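Asker: Right, I'll just put the structure down here and ask away after.
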Amino acid sequence: MELHQGETVALSPTGPMTNVAGDDEASVLAVLREYTNVIEESGRTPQQPRMPSR
């Protein structure tokens, strides 16, 4: 996030613009969406990693 600190980023494709701040979850997620392929899931996070079945 340090590379993008203070930059302006859109919070959604058509949404408002905001400055990137490391303590702002929405702006951090917006940067991740812009520069990576983020997969967002809702619901409970698994407590243990899932292993592929053989």
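Asker: Kindly write out, for region 13-27 in residue order, the coupling ³J(HN,Hα) from the Karplus curve 6.51 cos²θ - 1.76 cosθ + 1.60 (θ = phi - 60°), rounded to whole Hz, with x marking Gly and Pro.
Answerer: The phi angles translate into x, 10, x, x, 8, 8, 7, 6, 9, x, 9, 10, 4, 5, 6 Hz.
Asker: Right, here's the next one. Please sort 10-21, 25-36 by packing, taking for each peptide the average over its residues of neighbouring beta carbons within 10 angstrom, highest first. Numbers along the way, then the final one.
Answerer: Working: 10-21: 11.6, 25-36: 14.6.
Going by the mean number of other Cβ atoms within 10 Å, highest first, we get 25-36, 10-21.
Asker: Note down the net charge around Gly6, summing +1 for each Lys or Arg and -1 for each Asp or Glu among other residues with Cβ under 14 Å from its Cβ. Walk me through the numbers on the way to the answer.
Answerer: Working: positive: none; negative: Glu2, Glu7, Asp23, Asp24.
Taking every other residue near Gly6 into account, the sum is -4.
Quick note: the coordinates plus some simple rules give every number you see, no bench work behind them. Remember, it's a predicted structure, so these values are computed and weren't measured experimentally. Ideal geometry is used to build each Cβ from the backbone, glycine not excepted, and the neighbour counts take in all protein chains shown.
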